[in-house]
Amino acid sequence: MLEPALTPKGILSELNKNGITHVVWLPDSETNYLYEQMVADDSIELVPVCREGESMPIAAGIWVGGKKPVVLIQNTGMFESGDSIRGMGLDINFPLVMMIGYRGWTRHGHTPDSAGRYTEKILDAWNIEYFLVEKDADVGRISSAFELAEQTQRPVACLMGAEYA
C-alpha cells in the first residue's frame, strides 16, 4: 500500500490562504514540482538566493517593506543560515515561517544522516517551534505555523518530511 503523498498543490493553497507574497528560496531537486506550481501562480513572487544565509535578510527586507514572505530551504541550508536566523529572525522579532526540507530524516527511528539527526536539536537550541508536514493531510499545519509566528512574533519552522509527489 502506498503512503499518502505530499503534493505541491496543497502547499501552494496554504501559502495563498496565508497571503504569502514572496517565496525566498534556494532551488534544489526536491522542490522542482513545487517550483512549477509557484511559477504558474501570479500571486507569489519567487526570489531565488545563492546561499541559504541570504534568505533571512532578504525575507526581512520584504517584510519591512510591507509584504509577507516565506523562506523555503533545506535543513543543511538552515545550519548554514544560523547567524542570519539569529540576527534577522530572532533578534528583530520577525514572524517568519521557514519551510525546511527535512533531508536525512527516516521517520523510522534510526537516522544515519547527521542532517536529519541534528535538525530538531538545532531548532530546539534556538527555541524555534516547528511543525512536521509529510503528507497532504498535514498541510494545515502550515497555517498553524503562520498563526504561531504572528502570535509570538518569532520565526516558526515547517519541517517538510517528504519529497513532493
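Nothing in this text is a laboratory measurement; each read-out follows from the coordinates by a stated rule. No experiment lies behind these values; they were computed from the predicted model shown. Quick reminder, even Gly has a Cβ in these numbers, built from the backbone with ideal geometry, and neighbours come from all protein chains shown.
Tabulated data
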quantity	calculated
Normalised contact order of the stretch 1-79, rounded percent, pairs of Cα under 8 Å and 6 or more residues apart	37 percent
Rh (Kirkwood; distinct C-alpha pairs) - the stretch 51-100, Å	10.5 Å
Percent of Cα-Cα distances greater than 16 Å, calculated over the stretch 33-142	63 percent
nm² value of the averaged projected area, convex hull over the Cα atoms of the stretch 99-165	4.7 nm²
Kirkwood-type radius of the stretch 65-126, with distances r between different C-alpha atoms, in Å	12.7 Å
Pairwise FRET efficiency - Ala40 versus Asp124, Cβ, R0 = 30 Å, nearest 0.05	0.25
Computed over the stretch 20-65: relative contact order in percent, which uses C-alpha pairs under 8 Å that are six or more apart	50 percent
Axial C-alpha extent at least 15 Å, average Kyte-Doolittle at least -0.5 - helices from the chain (DSSP)	140-152
Bins of 10 Å, starting at 0 and running to the largest distance - Cα pair percent for the stretch 1-96	16, 47, 31, 6, 1
Given charges at beta-carbon only (K, R positive; D, E negative), |dipole| of the stretch 41-162 in Debye	220 debye
